[in-house]
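Below is one structure, written out as C-alpha cells; comments come after it.
The values are calculated or read from the model by the stated rules, or taken from the named source; none is laboratory data. Worth saying up front: this structure is predicted, and the values here are computed from it rather than measured. With ideal geometry, Cβ positions are generated from the backbone for all residues, glycine too; neighbour counts draw on all protein chains shown.
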Amino acid sequence: GQSLEQPSEVTAVEGAIVQINCTYQTSGFYGLSWYQQHDGGAPTFLSYNALDGLEETGRFSSFLSRSDSYGYLLLQELQMKDSASYFCAVSNDYKLSFGAGTTVTVRA
Amino acid sequence: DAGVIQSPRHEVTEMGQEVTLRCKPISGHDYLFWYRQTMMRGLELLIYFNNNVPIDDSGMPEDRFSAKMPNASFSTLKIQPSEPRDSAVYFCASSPGTSPSEQFFGPGTRLTVL
C-alpha cells in the first residue's frame, strides 16, 4: 500500500516563501505529483517529478529525492490567490494515491 | 476544449435510492478515473479505465458501487442502494496516455444521502 505524510496547515504572508514537505512509503513508485485545490473546486495539476532534482514552473518548484522517499513543493512570492489546499500524490503506473493535503493560508 | 464535464453538480437523495453520476472526459484522453473525496478519507481512487476498459477497481468500496464506460466519451458511476456514508464529492478525471500523472479533474458531483 501507500502512505504519505504532509503538514496539515501552513500560514504565511504575501510575498513570502512556503515549502510543503511530503514523505512517502509505497510499493511501486513512478513519481511524485502535486495538485492544488481551492475551496469548493477541483484538484488541478501543478507538477510531476519522476527523477531526482528540482523542477521549476514559474513561482512554483517541486523537488524529489527518491533515495529519501521525500519531496517538497516550494511556493515563492506568495499571493492571496495561492490560498488553497496542496496535495502530494505518488504514482504507481497510472494510479495516483493522494496525501491528506496541506492547507495554505496567505495573509495580507 | 470544455474540459471534463460531470453531471449533476449536486445530488440529494434518500437512503436506499439509486444514484447515477455521469462524466464526459476530454476528447482524446485514453484514461478515465473516478475519485471520491471526504474529510475523513481524503481523495480516494475508486476505479480507472483505459480505452473504455476497467483496469483497476480495487478502490470501489463494495458491491453497491459500479462503473461503466460504454464509449470513449461517456462514463457512469452508479450507487445502488445509496447509504448516508456515501455522501461525498465524486470527481471524474481524464488523462492522456503520454502523461499519466497529469490528470484533468471535472468540477465534481456533491452527493448527499439523507
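What do you reckon, is B:Gly28 in contact with a strand residue (DSSP E or B) (Cβ under 6 Å, 6 or more places away or on another chain), modelled with pLDDT under 95 and outside any strand (DSSP E or B)?
So B:Gly28 fails the test.
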Taking the range B:76-108 as the search range and keeping residues that are over 16 Å from B:Leu45 (Cβ atoms) and of a type in the set (Val, Ile, Thr), which one is farthest from the other protein chains (Cβ to nearest Cβ)? B:Ile79
In the range B:26-48, the residues that are over 11 Å from the mean Cα position of the chain (by Cα) and either surrounded by 15 or more Cβ atoms within 10 Å (Cβ to Cβ) or within 20 Å of B:Pro81 (Cα to Cα) (or both): B:Ile26, B:His29, B:Asp30, B:Tyr31, B:Thr38, B:Gly42, B:Leu43
So B:Ile47 ticks every box in (1) within 11 Å of chain A (Cβ to nearest Cβ); (2) over 20 Å from A:Phe29 (Cα atoms); (3) modelled with pLDDT of 95 or more but one. Which box is left unticked? (2)
Name the residues in the range B:48-73 that are more than 23 Å from B:Thr13 (Cα to Cα) and not in a loop (DSSP other than H, G, I, E, B), would you? B:Tyr48, B:Phe49, B:Asn50, B:Val53, B:Pro54, B:Ile55, B:Asp56, B:Met69, B:Pro70, B:Asn71
Do you know which residues across the range B:25-58 are touching a residue at least 60 places away in the same chain (Cβ under 8 Å) and farther than 24 Å from A:Val90 by Cα? B:Gly28
Residue among B:Ala93, B:Ala88, B:Ala72 that is closer than 25 Å to A:Phe29 by Cβ, in contact (Cβ under 8 Å) with a residue 40 or more places away in the chain and of a type in the set (A, V, I, L, M): B:Ala93
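Only one residue in A:Leu54, A:Leu75 is surrounded by 15 or more Cβ atoms within 10 Å (Cβ to Cβ) and in contact with a strand residue (DSSP E or B) (Cβ under 9 Å, 6 or more places away or on another chain). Which one? Lay out the reasoning, then the answer.
Working: A:Leu54 fails: surrounded by 15 or more Cβ atoms within 10 Å (Cβ to Cβ).
Testing whether each residue is surrounded by 15 or more Cβ atoms within 10 Å (Cβ to Cβ) and in contact with a strand residue (DSSP E or B) (Cβ under 9 Å, 6 or more places away or on another chain) leaves just A:Leu75.
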Could you grab the pairs with beta carbons closer than 6 Å, sequence gap of 6+ or different chains, first residue in the range A:93-106 and more than 7 Å from chain B (Cβ to nearest Cβ) and hydroxyl-bearing (Ser, Thr, Tyr), second one outside any strand (DSSP E or B) and buried (at least 19 other Cβ atoms within 10 Å of the Cβ)? A:Thr102/A:Gln6
